[in-house]
């Protein structure tokens, strides 16, 4: 059994990790920390866990965490980088669901996250936890930077096009729509039901933190820098990301459907839909799957890719468990076979 | 392995049965029928099942169904009673998720469902599939009438009060609220998002088909007829039933919290919350659990019980699987350990 | 023109007052205050008001408010009672949308609102602003306590039954459901879209502040104390209250439909639906109307009344404007003829 | 008073026309037709109209319609073109909210709408009713083709860029999101609350009927053909369209904010937000306003325009009334001053 600790489990990625890990056959949940809720039973905060999780939140305690085989950070940005060095030295393997280790360049990190990085030396060791790109490195990683939700959907959607260089990489457009849970379980006016419900808006058009992360990932895939316009939107639903991706084709002859099907033929969590399909976010609700469709409207020179994930699963907790499975040499799909909840 | 057939799997209880049965360790899905969708892959209609269910819908075929150990009817009312006699004769065990076998009196059935009953003689054989009441009979039943969604929540909520006769049974009130999936996957104006969304209303106040079913169940529990006012409401969400139950206490001294906790101490799917709690429908979303709380506002003589279920799980497909587990001598919770999806 | 001031206009009742008053033909909006948003244009906070309201929020300033003919308080509980005495002395007429002057007994107020009342002497002067009960007194009032949202719906629903004493007043039940805007525009976890969306729950069953207000009102209508169980619920929509009211009839011969129709025949904002109807909350969305239906299920001895209002209009800002119209001798419907927005 | 008839008033554009026209100071509602609902009071179908509209639906009757000054068609595509010639001959002025007269080329119409056009000769007479483009022609038009909802938002968003030729018109992208009311009040599975709620998807990516309409309009604005990729999405809300528009700038020096502000300075129903803004659909809910914002993320060469409208108002019934006002020489804003409903 893998002894697992969770730091900061009071948000939506926290409860989602608990939902997945509580029934994972190879995991023993050892400790879950929260400064604000210490002493409270986890199932008091999240009544869906009654009867499934007996733990109570505890004060973050380095000694307890050092006893773990794996520690997940489901904390705000800037926390994991404080605790990671010590835990790594003790042999604990870390999966950070926040952004602390996603950008390889510490100056970029400081610019976008507004604070200096606490352990820039570790940035080189961290493996970006997108298994469809970095599977081999993840298996041996000590420290995995779990990708952001938007970056997961956008990278999986553009990947076959960039790998095969069939698209003009200077003007990529990612128009992405997220359910409100992407904003987390924080008391804020903007995400009240009465503000975000029955409403649709773009946000952060001048610049969103996932933009440098996506650009870095796409550049790595393409082998050279790419031009990307990224516009995120808030859509009045709880879970789900829908990325609509646009690019100009360099060559009118590509068989895009085959390209996508071949690229993802062996991927357990990427599902390329038949030609002409439109994936729905609910078709992946609660599941670790990314569903994709590729279109070329009116046979023109513009390719449109549609990608959906559950932002809390393939976009966060599920992908983190997938990474853990790889790191601990388990079957990659262990504990992640949930069928999406529809309706 | 239990060889299972599903008749009429194109509605919401159908897809929910598939979600549960596809990962049930003791079930082999053998056949699923739909006249309207015959030939179509199940996963084409319900893309959440892609990669999990390989079946296609087939024309209802008695011979194929007779090969099954168990057949679930997820059909409109009036279908199961046409096919049940032949299947039962062949030794197939039947779980009907529709209303055909819920009322013991065929005249009542005709009055509320607007057609004569096709096999009134079977009404006496059918066991009402509420395990918390009829567990022993279900184990040996050939034909189980799976309870309605409202009746499940209302009966579980009133049961301890009526068994112990602590409440005036002449004026029971059940104010129940349902998510829209209770209306099924039918093309109707009233359940369009633009009609049912951001809106709340009561319906069927003059009389709802679940009223006689609930009255029959409560009378059986109480040992005598009861007076019941039942008002169902449509609430703008997908899944969930919340029943708010009212009764006048006969005796001010009852320890209601203990009464409920003791009654359900050994029930795997009924969870009595701590005193002062308010169960939320989302705390059981996708789970087979009924969560209950009992209140006595301002210490007065009125008891208020709050009961929540997922109408498609404990109120339909999940309870049907629970019944199947009992009928086939499996552990009652097999395949039903899903943790509710929150948020 | 009536010169109007609004104290505390940053919440939902504030923006709703602005929506109504900005197009009211006899009103000049003079001042709107907010300590937290002072200096900010109102239309920056509420972009729906762009082009309609040019005011900016200002620091609360007694001198400016004293220049007004009428001042609306759209503040948290406990603010109006601090400022009312001085303003009243200056001849300003006050409509308080908070609870400060709703309860006639200052001890009750302190028990339910957790602070001593600042000007108990004014409680006797305040008129409870339910025009269907107190129209004459409102016309001459200096200080109107605008009713709560639940109390408006519940009182209008029970009123004909209690006035005519056709119902057992010892065991009245009000099962009420509110949209989330009833909780206000405050940053709180419980009313996030991800918490309150696709979810249904009761709350405050042990005791809600509207319970004493409703009981006081119903007792005044009945002429004697009444027994009331009040259970509020949160429903996943933005606006709207649906009250489902239950009582045991004392006399089986009452023609309830006629009773309701006659009682409200001359009321411009109460609409009794035809027998057998089920009012929907959206049928009053944005309108100042209360729609009612009365039922007697299965001809039994229990009466069921269904009442819907828009909690922000007839349950708050609209009723406040209705009161202002009465106080300033305008036609009662002035500025309140909006047709409900459906869908 | 303008005597007005409505053909086919049982859909969402119908009830929205009634909401607007019932309080329009210069309109007398004379007749409203519906084959399916003839004889039924309009307010029975749409209870929000109780007390405001006394009409009943009548069988379509050419004689009655000929008595009108103006007739609105709120019918399915293909109906108005059958009745228009006769009514026009009688001197009735027509505003068609369907698509019958939107495309200037009858072959295009047949290709996209799947039926031959009944009166291609009238296509040349019809004026495309986008007042911001065709105001002068609308004033004298006998027959106005009211624009589609998506085309209104997309054209208003691209217009300043194309008029000034600051953008590469070969690769325009319109990523548009619509509330579900855009699909109309038809009984269909796809728009049930349980299908479209808590879900997001693209649709009609291979080709949507609004694509030729938008291309025709943009080409007219630009003075030459344009290349357009148009991807519509269904978002789980009732009303609202959000168009996110992308183009590559030809010249890095354009002051886009000023360009937009100047273009729309005199437009009563187009509101250009301050630089850096993100318009929300709810800020125009129930209002005839289009709100726009223009961005240039990271100062790059891609322009992003955000445009929101209420699809039933500026995208349908409101724009139709705006056109009527122009045709009958009324102030353009008459009856259209409603403030958007927020929250």
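Here, each number is a calculation from the coordinates, and none is a lab measurement. Keep in mind it's a predicted model, so treat the numbers as computed, not measured. Here the Cβ positions follow ideal geometry from the backbone for every residue, glycine too, while neighbour counts run over all protein chains shown.
Which percent of Cα-Cα pairs in the range D:2-125 sits in each 10 Å bin, short to long?
14, 44, 31, 11, 1
With equal scatterers on the alpha carbons only and no solvent term, can you work out the Debye log10 of I(q)/I(0) for chain D at 0.08, 0.10, 0.13 1/Å?
Taken in order of the listed q values, log10 I(q)/I(0) reads -0.36, -0.57, -0.98.
Please work out the C-alpha center-to-center distance from the range D:116-131 to the range A:206-268 and express it in whole Å.
For the range D:116-131 versus the range A:206-268, the Cα centre distance is 41 Å.
Per residue of B:182-189, count partner chain C-beta atoms within 10 Å of its C-beta, then hand back the mean as an integer. Could you put the intermediate results ahead of the total?
Details: counts 1, 3, 2, 5, 3, 7, 4, 7.
The mean count of partner-chain Cβ atoms within 10 Å per residue comes to 4.
Counting only DSSP beta bridges with both residues in the protein assembly as shown, tell me the antiparallel percent, nearest 5.
That works out to approximately 45 percent antiparallel.
Quick one: C:113, C:12, fewest Cβ neighbours within 10 Å first, how do they rank?
Details: C:113 19, C:12 25.
Sorted ascending by nearby Cβ count, the order is C:113, C:12.
Which order results if D:32, A:138, B:94 are arranged by neighbouring Cβ count within 10 Å, fewest first? Present the calculation step by step, with values, prior to reporting the outcome.
On the way: D:32 25, A:138 22, B:94 28.
By the 10 Å Cβ count, ascending, the order reads A:138, D:32, B:94.
Angle check, please: helix A:131-140 long axis (alpha carbons) against the longest principal axis of chain A (alpha carbons), in degrees 0 to 90, nearest 10.
40
May I ask you to report, in nm to one decimal and beginning with the shortest, the distances from residue C:114 to the same position in the other copies, taking label points 7 Å along Cα-to-Cβ?
3.0, 5.2, 6.0
Mean residue ellipticity at 222 nm from the helices of chain D, using -39,500 (n - 2.57) per DSSP H segment of n ≥ 4 over the full residue count, to the nearest 500 deg cm²/dmol? Could the numbers behind the result be given before it?
Details: 11 runs with 97 residues, N = 343.
Value at 222 nm, helices only: -8000 deg cm²/dmol.
Most fluctuating residue of C:16, C:28, C:195 in a GNM of chain C with Cα springs under 10 Å: which is it?
Evaluated over chain C, the most mobile residue of the options is C:195.
If you stretched the chain out fully between residue B:28 and residue B:165, how much longer would it get, using 0.36 nm times the residue separation minus the C-alpha to C-alpha distance? Don't skip to the answer; put the middle values down first.
Details: separation 137, 0.36 × 137 = 49.32 nm, distance 4.42 nm.
Additional length available on full extension: 44.9 nm.
Across peptide C:297-310, what mean number of C-beta atoms from other chains lies inside 10 Å of a residue's C-beta?
Working: counts 10, 6, 1, 4, 4, 7, 1, 8, 0, 5, 0, 5, 0, 1.
Partner-chain Cβ atoms within 10 Å, mean over residues of C:297-310: 4.
At a threshold of 8 angstrom on Cα-Cα distance, excluding pairs fewer than six apart, so keeping six or more, what relative contact order does the range D:2-126 reach in percent?
Details: 212 pairs, mean separation 28.8, N = 125.
Once divided by the residue count of the range D:2-126, the mean separation gives 23 percent.
Every other copy gets compared here: list the nm distances from the residue D:61 label point (7 Å along Cα to Cβ) to its counterparts, shortest first, one decimal.
Taking the point 7 Å beyond Cα along Cα→Cβ, the inter-copy spacings are 5.8, 6.3, 8.5 nm.
Would you calculate the separation in nanometres between label points at residue A:266 and residue B:190, each defined as 7 Å from the Cα along the Cα-to-beta-carbon direction?
In this crude label model, residue A:266 to residue B:190 measures out at 5.5 nm.
Defining a contact as two alpha carbons under 8 Å apart and six or more residues distant in sequence, what relative contact order in percent does the range A:121-185 show?
23
What percent antiparallel are the DSSP beta bridges of chain A, to the nearest 5? List each step's numbers first, then the result.
Working: 23 of 53 bridges.
Within chain A, antiparallel bridges account for around 45 percent of the total.
Over chain D, with a Gaussian network built from C-alpha contacts below 10 Å, which listed residue (D:202, D:80, D:307) shows the highest mean-square fluctuation?
So, out of D:202, D:80, D:307, the one fluctuating most is D:202.
Two-decimal Rg/Rh of the protein assembly as shown from alpha-carbon positions, Kirkwood Rh? If you can, show how the numbers build up before the last one.
Numbers: Rg = 31.4 Å, Rh = 32.9 Å.
Ratio of gyration radius to Kirkwood radius: 0.95.
Highest GNM mean-square fluctuation, chain C, Cα pairs closer than 10 Å: which of C:72, C:158, C:200?
Top of the fluctuation ranking is C:200.
Quick one: of the DSSP bridges fully inside the range C:149-311, what percent are antiparallel, nearest 5?
Numbers: 22 of 32 bridges.
Taking every DSSP beta bridge within the range C:149-311, about 70 percent pair in antiparallel fashion.
In peptide C:281-294, what is the residue-averaged number of other protein chain Cβ atoms found within 10 Å of each Cβ? Mind showing how you got there, number by number?
On the way: counts 5, 12, 8, 3, 5, 6, 3, 0, 4, 0, 3, 0, 2, 1.
Mean shielding count: 4.
Can you list the copy-to-copy distances for residue B:41, using a point 7 angstrom from Cα toward Cβ, in nanometres, shortest first?
4.5, 5.3, 5.5
Rank the residues A:57, C:328 as a footprinting-exposure proxy: fewest other Cβ atoms within 10 Å of their Cβ go first.
By the 10 Å Cβ count, ascending, the order reads C:328, A:57.
Which residues in the range D:255-294 place their backbone N less than 17 Å from a point set 7 Å from the Cα of residue C:40 along the Cα-to-Cβ direction?
The answer is D:274-280, D:283.
Provide the packing ranking of C:212-224, B:288-300, i.e. peptides ordered by the mean count of other C-beta atoms within 10 Å per residue, highest first. Mind dumping the intermediate values first?
On the way: C:212-224: 19.5, B:288-300: 21.5.
Listed from highest to lowest mean packing, they are B:288-300, C:212-224.
Output the Cα-based Rg and Dmax of the range C:149-311 in Å, rounding Rg to one decimal and Dmax to a whole number.
15.7, 51
With a cut-off of 8 Å between alpha carbons and a minimum separation of six or more residues, what is the relative contact order of chain D in percent?
Details: 752 pairs, mean separation 58.2, N = 343.
Relative contact order here is 17 percent.
List the residue from chain B whose beta-carbon is nearest to the axis that rotates chain B onto chain C, together with that distance in whole Å.
Minimum Cβ distance to the axis, with residue: B:175, 2.
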